[in-house]
1. For a 23 Å ceiling on Cα separation, which of these pairs sit above it: Lys323/Lys466; Lys207/Lys466; Lys210/Lys466; Lys81/Lys210?
2. Between the helical axis of 292-316 and the dominant principal axis of the chain, each derived from Cα atoms, what acute angle in degrees is found, rounded to the nearest 10?
3. Before I look further, what does the stretch 202-357 give for accessible area per residue, probe 1.4 Å, in whole square angstrom?
4. Any idea how far apart Met228 and Ser460 come out in nm if each label point goes 7 Å out from Cα toward Cβ?
5. Which aspartates and glutamates does Lys447 reach when only Cα atoms under 16 Å apart count, and residues fewer than 8 places away in its own chain are ignored?
6. Heavy atoms only, probe 1.4 angstrom, no DNA, RNA or ligands counted: give me Asp30, Asp347 ranked by accessible area, highest first.
7. Using a 1.4 angstrom probe on the protein heavy atoms only, line up Trp378, Trp61, Trp161 by accessible area, largest first.
8. Leaving ligands, DNA and RNA out of it, rank Phe65, Phe111, Phe27 by accessible area with a 1.4 Å probe, largest first.
Amino acid sequence: MHASTGRKVRPIVYFVGLTAALAGLLFGLDVGVISGAQQFIQKEFQIPDWTVESIVSALLWGAVFGTLISGFFSSHFGRRKTILISALIFIVGSLLCSVANSADILIGARFILGIAVGVASFTAPLYLSEISPQKVRGAMISMYQLMITIGILIAFVSDAWLASYATYGGETGGHWRIMLGIIALPAAIMFVGVLFLPESPRWLFMKGRKNDATAVFTRLELDENEIMTEVLEIEESLRIKQTGVHMFFQNPNFRRAIFLGMGLQVIQQLTGINVVMYYAPHIFKIAGFITTAEQMWGTVIVGLTNVLATFIAIAFVDRLGRKPIMYAGFVVMGLSMLSVGYFFKSDIEAHPELGYPAIFALLMFIVGFAMSAGPIIWILCSEIYPNSGRDLGITFSTSTNWFVNAIVGQTFLTLLNTLGNGNTFLMYGGLNALFILFFLLYVPETKGVSLERIEALLLSGVPLRKIGHDRVYSHAT
C-alpha cells in the first residue's frame, strides 16, 4: 500500500496483522513441542529411534503437502478463508495427537498438523504482504515470524517443565498429550479472530470485486488519495491477464522470481537453524550438559533468545532495509557456527569449561538468524512475485522451505555420526559465508517499494537485484 502521505498507521492495521500472525504462534507451538515430548512418547509406546524420527518428520512432510494445496485454496477461496481452514485443521490435528493410542496414529495426526502448518506458512505472510501499508510491510510480516518464535518458546518451556517434573519422580504419561492437544485452544482463538478480518484487497481485485476491495481500504482508514493510489497501482498490475501457471511457462521473468524465491528458502534452511531447533537438547548434551533438565532449560534459553532477537528485525527492517540486516546476519551466523564447530572439535569431555563458550556461540547464531534470515526471507518471498502469480510463486518457495527443512531434520544425526560433531557445524558455518555472495548477486532491496513497482520492474526484465529500486529502468539496464 502507498504511504506517501506520512500519516500514522492506524490501530486497525495492527489488529489485522496481529490476528493473522497468530498462525505463526500455532506454527511455532507445533514445531517446538515435539523436541521435548519425543523422549516421553518413546517411553510410553516403547518405539525405536527410527519411529521417533518418523513422528518428528511427519509434520514436515505434511507441511510440504499443505503448501502444495495452499495455492489452489488461497486463489479460489481467498486468503482469509484459507487461514480459517488452516485453523480448523490445527484443531483436528491437535486433538488427534492428544488421543493417539499408537505411534502410527500419532504419525498420522502429526501429518495432519503439518498440513495446517503448511497452509498457514503459505497464506499468513501472503495475506500480511497484501494488506499492510508498504512503510510497515516488513514489520507486519516480521510479526508473523515473532509469533513463530513465541510459539517455539512456549513449547520449550512446557518441555522443560515436563522434564523437571520427571526428574523429581512425577508421572509424565499423560502430560505429553496435554502438550500436543492444548494447541487446539489458540487455534480456536485464531479462528474466531480471523472471522472479523477483511479479505485481501488485492485478491478481491483479482476476482473483479473492486467495490469490495475499496471498502477494505476504507475499513483500514486510508484517505481518498491513498485509496485512489492503491486502486490505480493494482489495476495497472492486473492488466496482465495470465494466471500463475501460464506465466510460469510463458514468462521467463516470472520464472526468475520463482527460482529466486526457491533459492531464498533453501538458504534459510541451510543456515542450520532447524538443526538447533529440533535437536537443541542433543546439542546441549554434546556441550557437556548431562541431565535432561539441564538440556531442556538450556533449550528454553535458545527459545527466549530467538524471541528477543526477532525484535531487532521488527525495529529495523523498514528503516535499514532487508539486505544490510541479512549481511550482518550471515556474518554473525557464519562466525558463530564456525566457533561452535571449533569448540566441538576440541575435547569437551577433558575440558568441560569449553561447553560454555560453545553454547554462547550457539546463542549468537540464534541472534543472527532471528534478526535476519528468520523473518526477512519470508518478507522477500511475499514481495517478489507479480499479483497474478503470487499464489504459485509462494507455493514453490514455501514447499521448497519445508522440503529442505525435512531433509535437514532427517540428516543431522547422520552427519554427526559420519562427519563428526565439530565438522558438521563447520560445514554450516561455511555455507553461511557462501550465502553472502548469493545476496550480492541476485537479491533485491525492497524496503519502501510498492508490490506493484516491484512487479513492473521484474516483468520489464531488469536484473533481479534491481527489481526493488523505486524508479524505472530500461530493459537493457
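The values are calculated or read from the model by the stated rules, or taken from the named source; none is laboratory data. This is a predicted model, so every value here is computed, not measured. All Cβ positions, glycine included, derive from the backbone under ideal geometry; neighbour counts span all protein chains shown. Quick note on the areas: whole protein, heavy atoms, side chains included, nothing else; ligands and nucleic acids left out. Shrake-Rupley method; radii C 1.70, N 1.55, O 1.52, S 1.80 Å.
1. Cα-Cα > 23 Å for Lys207/Lys466; Lys210/Lys466; rest within.
2. 20 degrees
3. Here the residues of the stretch 202-357 average 46 Å² of exposed surface.
4. With each label point 7 Å from Cα toward Cβ, the separation is 2.4 nm.
5. Qualifying aspartates and glutamates at Cα under 16 Å: Glu130, Asp318, Glu383, Glu455, Asp470.
6. From most accessible down to least: Asp347, Asp30.
7. Trp161, Trp61, Trp378
8. Phe65, Phe111, Phe27
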